[in-house]
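The values are calculated or read from the model by the stated rules, or taken from the named source; none is laboratory data. Values in this document were obtained by computation on a predicted structure and should not be read as measured data. Counting neighbours? That spans all protein chains shown, and the Cβs are built from the backbone with ideal geometry, glycine included. Surface areas here come from the heavy atoms of the whole protein model, side chains and all, with no ligands, DNA or RNA. Shrake-Rupley method; radii C 1.70, N 1.55, O 1.52, S 1.80 Å.
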Amino acid sequence: MDNTFSMELKELVSQSREIAIDLGYDYISTIHFFLADCESNKSNSLLKFAFKDENEFLSFKKTYTLEKQDHLNLINESIPLTKEAENTIRLTETERKINKHLKCYPFHFFIAALKNSQSLLSECFLQDKEALNKLIEYYQELGEYNNAKIAESKNSSRISKKSILSRLRNLFSLQK
């Protein structure tokens, strides 16, 4: 498991995998991370940022639901990230470094996703040219940057030099 991933980001990775499978996908994209975050019911979820109400969210989610396919075999297997999700993971590490945080948090991931013009999530926000700035403001208002610093001051540790991407792939691999 990646030493630079916060517990919150590790949970999001796991939940995005479940969402992808539940919606009929055999891969994980930034949309699945987004949907997992919106379903988390956490106070810092993007649900309130992106949608007026639950019905709007459910309608959005429905557009990303495939006809049910038999993906039960995927439950015990790893499923790949899309290239755009892999690139966003790399950018997440960059966001962490820019903000001088010891750990990568979900807000790093979502800011990276909107900065990544190739991400499926950024395509959802194309009509709002200020979406990235609004997202950063949203996280600042919630105190996410400060919360990360506080959490890190309690748990300061050395950052592993291993590849973030290889450890993420290990997260998705389940031993048989």
Open item on the list: Probe radius 1.4 Å, ligands and nucleic acids ignored: give me the carbon and sulfur share of the accessible area of region 1-140 as a rounded percent.
Closed with: 50
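Given a cut-off of 32 Å, name the pairs among 62/97; 97/129; 61/100 whose C-alpha atoms lie farther apart than that in the structure shown.
Numbers: 62/97 35 Å; 97/129 25 Å; 61/100 34 Å.
Over 32 Å Cα-Cα: 62/97; 61/100.
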Open item on the list: Quick check: pseudo-label points 7 Å beyond the Cα along Cα→Cβ at residue 128 and residue 43, how many nm apart are they?
Closed with: 2.2
TODO: Taking amide H positions as placed in the peptide plane 1.01 Å from N, state which residues far from residue 81 in sequence (5 or more) or on other chains have amide H under 5 Å from it.
DONE: 28
Open item on the list: Suppose all protein chains stay in the model; what accessible area per residue would a 1.4 Å probe give for region 1-143, in Å²?
Closed with: 52
- [ ] For residue 104, list long-range residues whose amide hydrogen, built 1.01 Å from N in the peptide plane, is under 5 Å from its own amide hydrogen.
- [x] 5, 6
